[in-house]
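Visitor: So that we are looking at the same thing, I have put the structure below in structure tokens.
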Amino acid sequence: MAKYEWSAGWPSPTIEIGKAIADESRLRILNALRGGELCVCQIVELLGLAPSTTSKHLNQLRRSGLLRARKKGTWVWYRLAHGADETSPDPRIVAMLDWVLASLANEEPFVRDLETLQDILTVEREEIAQRQRSCCGPGDC
């Protein structure tokens, strides 16, 4: 049997996106970011995962092109990549992601996450960061 040779562009962006959304934690991140930009400490608080694990999930989503990141001080903020700039994903990908998230909107833990996120957003980021210790320093979020 002949060995299949992958094309130079492998894996394709579509496959990278498929892998990115094939994980419940990453879908939870995308769902939370539908409401707007969040700092990593808020996402860590929501997921209840270690900062390093959350960071790996965020990096995979960013590499797939579904998230954008910006740095403020020593901290990184994430948002969905739905803008109209040259780095935005194909509109078909945006539509697919919207469909996936809409289809999960009434499922646990997505409903619970949005309720929990409302509570998280009422807490000062410095307080969240202090609880996480390894997340960020005072004033960096």
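Visitor: In nm, to one decimal, how far is the modelled label at T53 from the one at T122, with both set 7 Å along Cα→Cβ?
Guide: It works out to 2.7 nm between the two label points.
Visitor: Then there's this: Quick one: what are the phi-derived ³J(HN,Hα) couplings along the range 73-82, Karplus 6.51/-1.76/1.60 with θ = phi - 60°, whole Hz, x for glycine and proline?
Guide: In residue order, the calculated couplings are x, 9, 10, 10, 10, 10, 8, 5, 8, 10 Hz.
Visitor: Expressed in nm to one decimal, what extension gain is obtained for the pair H82 and Q130 from 0.36 nm per residue of sequence separation less their Cα-Cα distance?
Guide: Answer, rounded to one decimal: 14.1 nm.
Visitor: Which distance in nm do the two modelled labels at R34 and A102 give, with both placed 7 Å along the Cα-to-Cβ direction?
Guide: Those two pseudo-labels are separated by 1.0 nm.
Visitor: Turning to a different aspect of this structure: Can you check what the net charge comes to around D98, using other residues whose Cβ is under 14 Å from the Cβ of D98 (Lys, Arg +1; Asp, Glu -1)?
Guide: Computed value for this residue: +1.
Visitor: Per-residue HN-Hα couplings for the range 121-126, Karplus 6.51 cos²θ - 1.76 cosθ + 1.60 at θ = phi - 60°, whole Hz, x for Gly and Pro?
Guide: Each residue's phi maps through the Karplus curve to give 5, 8, 9, 4, 4, 4 Hz.
Visitor: Please arrange S103, S25 by how many other C-beta atoms lie within 10 Å of their C-beta, fewest to most.
Guide: Lowest count first: S103, S25.
Each value in this text was obtained by applying a stated rule to the coordinates, not by laboratory testing. Since this is a predicted model, take the numbers as computed values, not measurements. Virtual Cβ from ideal backbone geometry, glycine too; neighbours counted across all protein chains shown.
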